Every structure is written in structure tokens, then in C-alpha cells.
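The values are calculated or read from the model by the stated rules, or taken from the named source; none is laboratory data. Note that the structure is predicted; figures quoted are calculated from it, not measured. Counting neighbours? That spans all protein chains shown, and the Cβs are built from the backbone with ideal geometry, glycine included. Keep in mind that these areas ignore ligands, DNA and RNA; they rest on the heavy atoms of the full protein, side chains included. Shrake-Rupley method; radii C 1.70, N 1.55, O 1.52, S 1.80 Å.
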Amino acid sequence: MPHVPVHPVETALIVRDSFLLAFPALFSIVNPLGASIIFLQATGERSRVERATIARTVALYSFVLLLASVWIGSAVLSFFGVTINALRVSGGMVVAVRAWAMLQSPETTEARREKQALEAGRPITSPQWNDIAFFPLTMPFTVGPGSIAVAITLSSGDAGSHFLSYSTGISLAAGVVAITVWIAYAYAERLTEILGVTGTRILSRLAALILLCIGVQIAAGGVIGFARDVLTPPA
């Protein structure tokens, strides 16, 4: 069968649509603005230059983790026999439950992330900043299991023959989220002064509401996929 070229406009639209789907989901689950306050506490004994360097490194590590989840996460699950529809339903439920918890009590979410990033409630005192950049500040504080689950679930979307364009849009969204992490962490001190705790929690609730809707949408897509498989007679 001859290869049918994809029109550049169609490709651009697919990239745009997947980006618009993935960015709010990844941004909401990572929540760079809310995490920046805890990042500031975790690196409180560092100089401003060191803090900026750590922020850049954490953003880079976060992008690599999200990118790996997007491009090979589904393949790894398929290797273990997990179907795309099962991934959508379970991933959507995980996202929705996580978003519901964030929506109901952002204070609890903040306390959990603070526990991940601090040692006994105090800033981490490793002598080398690169000792803490990946663990715990990138994994699990910035990109934890929830973020990885969101990235894998998004990459399993029904892209059909446009997988490359679809995944490119999600990858761009991961890149923009990583840049946001870099900026938010590097200017954590200033953001804390501008937003304060109350402002951050308001933004966290708005992000959680968006994430909840996306989680329900992803899970519904999996349910519809299962129903289609059952109702469609075998060839």
C-alpha cells in the first residue's frame, strides 16, 4: 500500500491539539508554583546562584523523565501485557483521584511534598548541590509517580497513524512544563513574596479542578474503547 503523505497543516493541528491537552494536565500535576515554596525551604541554606543552578538541573532531569515516560512508557506497559484501554482507565482514575485529593485539601498535598523534599523538617544539607538535584528534588518531589502516570496515559491517546505528531505535541508540553519549573524554582523567593501561601493554594485548587476533568476524560476514553471492543464483532 503506497504511503500517503500527511499534510503539514494537519500535522501542525495534531501537534497543537495534543499540546493543549497535555500541558494543563502536566502543569497541574507538577504544580511548579506551589512546589516552588517547598523548593525554597529545601534549599534555604544555599546561595541564590546555587539555587538557580539546582533549579536548572531539576528542570532538565524533570524533562528527561517526562520525555522517557511519553516515548517508551506505553511500550514498557505493552511488554507486560497491559492494553491501551486498561492504561487509559487506570491512568485516568489515578489522575482523577490525585486531583480530587488536591482539590479537597491542598494543605495535605503540600505536607506530603514537603516531607519528600526535607529531612526531618529541615533543609537538606548535602555538601554538593548535585547530590540532591535528582533525588529527592526531581524524583519524587517534582516528577513523582503521579506525573509519570499522567505522561504515560497521555501518550496512549488515540493518535492512530499520527503517533509521531501526537507525541511531539506532548513532548513540547513536557518541555514547557520543565521550563516553568526552572523559572518557578529559580525565582522561588520572589514568587513566594508575590503569591504567598493563600495565593498558591488558590492556584493549586484551580489546577486540581482542571486535572480532575482531564482524568475523567482519559478514563472515559478507556471505557469507550472497552465498549467498542466488546460491541464490535470479530472480523
Estimated distance in nm for a label pair at I179 and V76, the labels positioned 7 Å out from Cα along Cα-to-Cβ | 2.7
Work out from phi, with θ = phi - 60° and the Karplus expression 6.51 cos²θ - 1.76 cosθ + 1.60, the ³J(HN,Hα) of each residue of the stretch 186-198, listed in order in whole Hz, and give x for Gly and Pro.
-> 5, 10, 4, 4, 5, 4, 4, 5, 6, 7, x, 5, 5
Quick one: divide the alpha-carbon radius of gyration of the stretch 129-235 by 2.2 N^0.38 Å and tell me what you get.
-> 1.41
Would you list R98, R205, R51 from the most to the least accessible area, probe 1.4 Å?
-> R205, R98, R51
Collect residues whose amide H, placed 1.01 Å from N in the peptide plane, falls under 5 Å from the amide H of G157; neighbours closer than 5 in sequence don't count.
-> none
How would Y185, Y61, Y166 rank on accessible area, largest to smallest, probe 1.4 Å?
-> Y61, Y166, Y185
At a probe size of 1.4 Å, how large is the accessible area of M139, to the nearest 10 Å²?
-> 50
Subtract the Cα-Cα distance of R48 and A68 from 0.36 nm times their separation in residues, and report this length gain in nm to one decimal.
-> 4.2 nm
Estimate the FRET efficiency between L203 and L172 by the formula 1/(1 + (r/R0)^6), using the beta-carbon distance for r and 35 Å for R0, to the nearest 0.05.
-> 0.95
